[in-house]
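The next block holds one structure in the form of structure tokens; read it before the comments.
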Amino acid sequence: MILPALASQIVYGRVGWAIVAATVVCTLWRSAVPMSRATLAAIVAGALAVMALPGNLSPAWYLGLAFQYPSGLLVGCCLLRLTQRWNGSRRSQAMPQMLAGVLALAGLLLYLDALGVLTRGYYYAGFGGTVAPLVAIVLAVACALAIILQHSRGHAAALLGAVVLFSVLRLPTGNLWDALLDPLLFGWAIVALLAGARRRAGRRTSGCVAANDGEPVPGAALQPLAAEHFSSLKEQVGGQ
């Protein structure tokens with residue numbers, strides 16, 4: 001088990017929390033005027049300056065007490081979101097459903113294991129000298145192929161960055177799972193799954209309503225037959 005240097009952890013924590021905080025501010029931006037690049041740069045610079053304050057004057061101090069360090073994947077996803085906002089893309093998918101499902105399942109297993117419910121040692125395997133390197137290599141190769149094939153390149157690059165950060169600097173904690181998942185990212189994945197389920201349910205409801213609107217009304221379909229039958233009865237009565 002090789003742990004990262006304390007100085008690099010402190011620097012990473014300050015920079016990582018600044019990127020996460022800037023992303024939250026940009027996500028909550030609800031002004032009628034679209035966010036300009038100058039405004040985005042000012043938000044990021046302000047977050048970096050605030051997080052760089054010494055000791056407990058920095059919000060990163062309290063965020064570290066509550067959440068330790070942001071995972072490399074969370075920081076990568078936030079950087080991706082900021083880049084999309086910088087390029088003017090406001091409605092891009094921040095968390096794909098497949099990635100959200102994998103993160104939710106992995107987080108559930110790891111947190112149940114950490115709480116002692118499963119007691120399988122999944123979390124501590126992230127410190128190991130066999131499982132962690134193998135998983136990191138497989139993920140790196142998969143991300144490289146996804147980038148080459150241009151399949152979810154942004155999120156593949158974010159995941160690859162988290163793996164490289166762990167492999168080279170052992171950040172954030174020396175545990176592979178901490179580089180790929182944290183409580184905030186786990187919550188983000190759950191919210192993304194719920195939002196996706198709600199959208200699918202809404203589309204199914206809209207499809208059912210549209211299908212019902214396109215179906216002929218039984219009463220309207222029977223009206224010509226009733227009129228024809230009534231006319232034939234009148235003819236018969238008149239003929240008698």
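The values are calculated or read from the model by the stated rules, or taken from the named source; none is laboratory data. Model, not experiment: these values are computed from the prediction. Ideal geometry is used to build each Cβ from the backbone, glycine not excepted, and the neighbour counts take in all protein chains shown.
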Among the numbered criteria (1) surrounded by 14 or more Cβ atoms within 10 Å (Cβ to Cβ); (2) closer than 23 Å to Leu194 by Cβ; (3) among the hydroxyl-bearing types (Ser, Thr, Tyr), which single criterion is violated by Tyr69? (2)
Condition set of a type in the set (A, V, I, L, M, F, W, C) and surrounded by fewer than 11 Cβ atoms within 10 Å (Cβ to Cβ), scope the stretch 135-151, selection farthest from Gly72 (Cα to Cα): answer is Leu149
Residue list for the stretch 97-123, restricted to those being part of a helix (DSSP H, G or I) and among the charged types (D, E, K, R): Asp113
Considering only the stretch 55-84, how many residues are farther than 23 Å from Trp188 by Cβ and at pLDDT below 95? 2
What is the number of the single condition among (1) within 16 Å of Val24 (Cα to Cα); (2) within 18 Å of the chain's Cα centre (by Cα) that Ala45 does not meet? (2)
Just to be sure I understand the filter: pairs with C-beta atoms under 7 Å, separated by 6 or more residues or on different chains, first member in the stretch 157-177 and crowded, with 19+ Cβ neighbours inside 10 Å, second member acidic (Asp, Glu). Which pairs pass? Pro172/Asp178
Which numbered condition Ala94 fails, given (1) assigned to a loop (DSSP other than H, G, I, E, B); (2) under 22 Å from Met1 (Cα atoms); (3) within 22 Å of the chain's Cα centre (by Cα): (2)
Quick check on the stretch 104-123. Is at least one of its residues within 17 Å of Pro4 (Cα to Cα), in contact with a helix residue (DSSP H, G or I) (Cβ under 8 Å, 6 or more places away or on another chain) and at pLDDT 95 or above? no
Counting only residues that are at pLDDT below 90 and more than 28 Å from the chain's Cα centre (by Cα), give me the helices (runs of 4 or more DSSP H) lying completely in the stretch 124-240 with at least 3 of them. 183-214, 218-239
